Amino acid sequence: MLLSRAARFADLRIEGLPFHLDGSTYDGMCAAADALQATGSGVQPAWESYAHEHAPPPSATGVRTLVLSATVSLADTGEDWLELALTTAFDTPSLLEVAAAVEVACWCTDDHHMHAVERREWVAGSGPALARSFTAATREITRWLATGPHDPQPWRDGAGLPGPSTWKAAHAPGSRRRPSDP
């Protein structure tokens, strides 16, 4: 369940962590989030936090329950998109996974909505470990902002994924513009 949305990480309400997050640890996470926005690239992450009544059990399908997320949209042509994502989710009831990913729109026959073409993960079992993992994830996103293309096609090509033209060629006229569009 969505708890809060904010333009700044420090304005999020964060609840339901499996461990205590003291003031200095939280301040370190705020500093890492502020550094991401201060890259000079016009980055404006969309921050969200989520509340849960109980720590969820591990999922057999690999689906994780989000605690917080940030998305940086680098390209959205209406037909294709590229985003950088930072997520924190339950790995087990007592551990959180922090991940940074480069995501492109899916153009496969089976609609996956998106593909993570690069991804880094860290597991945290304490407040200080969460702050270190969160800082590492923001640094990874900052690196991708500085060095990676800001167009989805080079990322897609590097991962060997089909593009919009491939999908459209295989489908009849009048098909949806993007597989994940309603």
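At what distance in nm do the modelled label points of H52 and S4 sit from each other, each positioned 7 Å from its Cα along Cα→Cβ?
Label-label distance for H52 and S4, simple model: 1.9 nm.
Amide H neighbours of V43 under 5 Å, counting only residues 5+ apart in sequence or on other chains, H built in-plane at 1.01 Å?
none
For the pair D11 and D110, what calculated FRET efficiency results from E = 1/(1 + (r/R0)^6), where r is the Cβ-Cβ distance and R0 = 41 Å, to the nearest 0.05?
0.60
Suppose R0 equals 30 Å. What FRET efficiency, 1/(1 + (r/R0)^6) with r the Cβ-Cβ distance, do A38 and T147 give to the nearest 0.05?
According to the calculation, E is roughly 0.95.
Using the Karplus curve 6.51 cos²θ - 1.76 cosθ + 1.60 with θ = phi - 60°, work out ³J(HN,Hα) for each residue of the range 115-123 in order, rounded to whole Hz, and write x for Gly and Pro.
10, 7, 8, 9, 8, 10, 10, 9, 10
Where in the range 80-111 does the amide nitrogen come within less than 16 Å of the point 7 Å from the Cα of E118, taken along Cα to Cβ?
Taking a point 7 Å out along Cα→Cβ of E118, the residues of the range 80-111 whose backbone N falls under 16 Å are 82-87, 99-105.
Beyond 17 Å, how much of the Cα-Cα pair distribution for the range 1-133 remains, as a whole percent? Don't skip to the end; give the middle numbers.
Working: 5421 of 8778 pairs.
Cα-Cα pairs of the range 1-133 separated by over 17 Å account for 62 percent.
Just so you know, all these numbers are worked out from the coordinates, no wet-lab data involved. Computed from a predicted model, the values in this text were never measured in an experiment. Every residue, glycine among them, receives a Cβ derived from its backbone with ideal geometry; neighbour counts consider all protein chains shown.
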